[in-house]
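So the structure is just underneath, and the comments pick up after that.
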Amino acid sequence: MEMKQDLDQQQSPSPAGDHDFPVPPPQRRLRGFAASVSGGGGGAVATKGRKEREREKERTKLRERHRRAITSRMLTGLRQYGNFLLPARADMNDVLAALAREAGWIVQPDGTTYRQSPALASSIPADVPPVQFTPIPIRSDESPLSPTSLKNYSVKASLDTQAALLRIDETLSPASFGSVVAERNIKNDKCASTSPVNSRESFEPDQLNREHAHDNAECAGTSYVSIYALLSSGMMNTYCQLVNPVAVRQELRHLESLNVDGVIVHCWWGVVEGWNPGKYDWSGYRDLFNIIREFKLKLQVVMAFHESGGNSSGDISISLPKWVLEIGKDNQDIFFTDREGRRSTECLSWGIDKARVLRGRTGVEVCYDFMRSFRTEFSDLIESRFISAVEIGLGASGELKYPSFPERMGWRYPGIGEFQKNLRLAAKARGHLVWARGPDNAGHYNSRPDETRFFCDKGDYDSYYGRFFLHWYAQTLIDHADQILSLTNLAFEGIEIVVKIPAIYWWYRTSSHAAELTAGFHNPTNQDGYAAVFDMLKKHSVTMKFTSSQPQACVQINEGAFADPEALSWQVLNAAWERGLKVAAQSTLPRHARDTYIKILQIAKPKNDPDCHHLSFFAYNQQFPAIEMQREMISDLCSFIKTMHGEANDDIED
């Protein structure tokens, strides 16, 4: 019996006070990294655990990207096929609120949701103000025209599904396009289809006239958008002499009859200071400006610090100043260079912005001296407000970009272009000389993104080095513009300053946006590459002028270029408006077509915009002198100008 009691005492738990030391609590079995360290293994095991954690982080990133891609596709479908007015960065609350409103519910700012009925509405506290929502048309044929929906506007209700596939709503988020590339087939794009429903022949003969007249009626009484015509550079020779004053007057007389507000004239650095540094000759421009003043037209001038290759519209070839080209023979670092070592004389390299290599002056100083000379020469025209704005050329073609698409080097659309590598001085100043070389796996001028290891999906553009290089490459462009604009405000204080942003729309529906990257805009699918640019422009209170894309042929877009001009326009214009910038536009190609004018009108005066955004002015190119335009073209242009001015008109020719 005593032995049994002793066994029972050993098996039963005893109070802590019966022992000299407290019973230690049961220990948890160590797992993962802690178990590997306590169990031995030393540094090798720790390294293995660290690598595992890094791999898990990468897997988490991939899962997050996959989730965002799915969310983006869902938002795209709701916007495109359901006409949901979701914000650019919509979250789940925005989606739920939109779905509730479609179902007939009322959604309050604090999230209170109820049906529109007297019984339920009376239970809502009186201090909660009701929210007035704009009715949302769901798959209606009466929804506003989007920039690409003109050809689908008359499709009947039985073809709604097909029409939805062809329509891109202007409220689409820019990030949503890159995520649906894999699901979209180029052969089914809006311009490449051979279906009779999508073809131009399926329209009634007078349908475009009726649609245009409808737009004219809606635009009556809207905001006034000024219209400017770009004059060709062929009227001025390389010695700054006005070539044909009689032809100039004839051209201006016709523009006056069209009721345009003014003209735009390029003041070429290679002409005015073409032969000797610091010697400026403005005589030909003085004669031209006096003639323009006779017709009481406004004038915008462009400080053109780039070269012009000339074209079929009468423009002449204009190079950089001859003395600059002479310096470039001995010091080629003043120009950009491509991966094969070829120099681009289209504009000066940003690397000499602070280097005194131009006869004792820096790249920024020669630009400032040119602008200051213009201000001194034409102070009377500036004071009288005859000169309404000054546009500053900040790169190739006068646009804020690198010369990454030079046709003289063999580039052809839709090539991705090349990084310009001659940035040694700027890179050395920042302590990253190796960055000036650029990536060696980014292809050539006419490569496709999927042909390179840098721009392909999951390519090196999104690696640590890729992100660092692209950020530095884009920031160098922004810093260049920042320095020039700081001095511009000194030279042209009180005058509207304009900066032109390029429309690089090809490869926009790929993940890398390769063409934008080589031009200096770090705008892949997962990043907004225009935000930092527009923040800098906002600091200087300039007007952003966007070159609205008008491709020569729709089939050119769809032949594997993954282009999306409308999505790019949506991103650029809305990003600028969100930052309070004044926005203008310029046509890239000289097209005189009625459907082109309607598309421009949709950009100039967006419909159903609660903030009533609109363009400040619009500039159009002339393919040939206005006096040679056909009667039908003149009629369409007159109607377009009246509509942009907010005037109703019924001058459409049947």
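Worth pointing out:
- Across all Cα atoms of the range 311-379, the radius of gyration (one decimal) and Dmax (whole number) stand at 14.2, 46 Å.
- In the range 265-300, trypsin sites (Lys or Arg not before Pro) in a DSSP loop with at most 10 other beta-carbon atoms within 10 Å: K296
- Amide H contacts of A619 (H built 1.01 Å from N, in plane; Pro and chain starts excluded): Y228, A585, Q586, S587 sit under 5 Å, all sequence-distant by 5 or more or on other chains.
- Computed from the C-beta positions of K329 and L258, the FRET efficiency with R₀ = 35 Å rounds to 0.15.
- Ligands, DNA and RNA left out, the accessible area of the range 252-306 computed with a 1.4 Å probe is 45% carbon and sulfur.
- Near-label residues of the range 369-393 by backbone N, under 14 Å of a point 7 Å along Cα→Cβ of Q241: none
- Peptides ranked, highest mean first, by Cβ atoms within 10 Å: ranges 392-398, 506-512: 506-512, 392-398
- FRET efficiency, Y114 to E578 (Cβ-Cβ, R0 35 Å, nearest 0.05): 0.60
- Were the residues from T47 through R67 laid out at 0.36 nm apart, the gain over their Cα-Cα distance would be 4.2 nm.
- Distance from the alpha carbon centroid of the range 320-349 to that of the range 567-587 works out to 33 angstrom.
- Annotation: extensible slack from E407 through N290 equals 38.5 nm (criterion: 0.36 nm per residue apart, minus Cα-Cα distance).
- Going by accessible surface with a 1.4 Å probe and the largest first, H471, H513 read H471, H513.
- T60/S635 FRET efficiency (R0 51 Å; Cβ-Cβ; nearest 0.05): 0.25
The values are calculated or read from the model by the stated rules, or taken from the named source; none is laboratory data. On a predicted model such as this, the values are computed, not experimentally measured, just so you know. Using ideal geometry, Cβ is built from the backbone for each residue, glycine included, and neighbour counts are taken over all protein chains shown. What goes into the accessible areas is simple: the full protein's heavy atoms, side chains included, and nothing from ligands, DNA or RNA. Shrake-Rupley method; radii C 1.70, N 1.55, O 1.52, S 1.80 Å.
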